[in-house]
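K.L.:
Got a structure here, written out as structure tokens. Questions coming.
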Amino acid sequence: MPVKVKKEEETGLPKLEETAPSSSSAAGAERDAPKDQVSSELDPCGILHGFQLKFPDNCISDNGLTLSFEIRGVHVGVVNALRRAIIAEVPTVMVDTIHIFQNTSDFSDWKINHRVALTPLVIDPDNLEHWYYKNTEPELKVYTEKNGVNFRLHVVGTEDMRKVYSRDLKWAPRTNAERQKWKRDPPRVANPDILLAVLFKGQEIDLHAIATKGKGKMHTKWSPVGTASYQMMPDISFPRGSFFPEKMAEDLVKCCPTGVFELGEEHSAEGGGRKKGKTKVKAEERQKTTATHSAAAGATESAEEEDIEDFGGLRLREVKVRDPYKCTSCKNCTEEYPNHVKLKKVTDRFKFTVESVGSLPVDRIVKDGLRVLWQKNDDVLQDVIGLDKAKYDKTLCHVKKRDED
């Protein structure tokens, strides 16, 4: 269902509101004009004009880590800005400092540090402060229960080979204040089955790790997603009609390696049941199709329904676009049938896909990304409004002129 993005006056954060679904065709035919989703006072430059989100029923994957939705009514630059905000600006909590007390394994210290630091942790970043708010120099780091979470990993090898997994990295509160703070939702690893090291008899790993709040622009380990990508919607159309001779329709469906097309069922225009060997369509559609695919003549201009087999002896099948976003622009269909299939791009509709590493719920990642995008938009507007009135009016005139061009 499409979702409007508006701004709350008190918090300044995006607010999602349900709206009535807008009609659209898979082939990108006539689409509803985007409505004003953001007031001109909040967005005088029109950067977020018409911004819409549409979440299908099965938008979240079975494992809960992947979210796919559609963005409508904005320029590709805004969509890319959201992607960059999700990757680099959404805060998470990851291991930042490691003290190794004992390591007699075959793995070097730096390799152990690297694997532990890249292990995703399930910790709410809103409950922590950034350590650099008070200490700007790395050597002046002071960790407390307000800006750090303590973990401990201590494993000793037995007679059999002992594999060290991420589940062995356990939360180890040092103070009662830290224990009470995380009592309801204890910090833990997102995936307990990540292999960290292998120990043999007599080998030992003993380390203390401190997790802190950070962002992906500081280090990739703080990025909450594995991938965040978008795809511009393909516009697949049939300029000479969607009905093809049966053999040609089957070949068109088979030539697409990703399964974009599918054959339409034979049906009656009056809504009756399936009719073996025959398909009834409106005469105007039949005229458009048969004039292209055969040399049959004498087509009537009547809008009454007629049997296709009675006109030129053709058996036609309808070709439908199953999912335009499956199209990879390989152009097999346009090369095989250049006069019957056209491929373009809808420049204001995108499929956005986010894959979480498990540290944050995927829906929260999108909301936090929208919050960051909105805040950046506000910062730009504040800078513009802070200019004198002459420069401000000149900026608006430049934007309006650019839109007119």
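The values are calculated or read from the model by the stated rules, or taken from the named source; none is laboratory data. Because the structure is predicted, anything quoted here is derived from the model rather than measured. Because the Cβ atoms are built from the backbone with ideal geometry, glycine has one as well, and the counts that use them run over all protein chains shown.
K.L.:
Restricting attention to the stretch 77-94, report how many residues are assigned to a strand (DSSP E or B) and in contact with a Pro (Cβ under 6 Å, 6 or more places away or on another chain).
P.N.:
2
Here's the yes/no breakdown for (1) under 31 Å from the mean Cα position of the chain (by Cα); (2) touching a residue at least 40 places away in the same chain (Cβ under 8 Å):
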{"residue": "V164", "(1), (2)": "no, yes"}
{"residue": "R167", "(1), (2)": "yes, no"}
{"residue": "E178", "(1), (2)": "no, no"}
{"residue": "P186", "(1), (2)": "yes, no"}
{"residue": "N191", "(1), (2)": "yes, yes"}
{"residue": "E204", "(1), (2)": "no, yes"}
{"residue": "T212", "(1), (2)": "yes, yes"}
{"residue": "K215", "(1), (2)": "yes, yes"}
{"residue": "S223", "(1), (2)": "yes, yes"}
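K.L.:
For residues that are assigned to a strand (DSSP E or B) and not small (G, A, S), tally how many sit in the stretch 175-208.
P.N.:
Going through the stretch 175-208 one residue at a time, the tally reaches 11.
K.L.:
With the requirement that a residue be part of a strand (DSSP E or B) and under 30 Å from I71 (Cα atoms), what does the stretch 209-232 give you?
P.N.:
Those that are part of a strand (DSSP E or B) and under 30 Å from I71 (Cα atoms): K213, G214, V225, G226, T227, A228, S229, Y230, Q231, M232.
K.L.:
Take the conditions assigned to a loop (DSSP other than H, G, I, E, B), buried (at least 16 other Cβ atoms within 10 Å of the Cβ) and not basic (K, R) and apply them to V74. Does it pass?
P.N.:
Answer is yes for this residue.
K.L.:
If I ask for residues that are modelled with pLDDT of 75 or more, β-branched (V, I, T) and within 15 Å of L370 (Cα to Cα), which ones from the stretch 37-72 would you list?
P.N.:
I71
K.L.:
Only residues that are within 25 Å of I87 (Cα to Cα), crowded, with 17+ Cβ neighbours inside 10 Å and in contact with a Leu (Cβ under 9 Å, 6 or more places away or on another chain): list them for the stretch 197-224, please.
P.N.:
Those that are within 25 Å of I87 (Cα to Cα), crowded, with 17+ Cβ neighbours inside 10 Å and in contact with a Leu (Cβ under 9 Å, 6 or more places away or on another chain): A209, A211, T212, K213, K221, P224.
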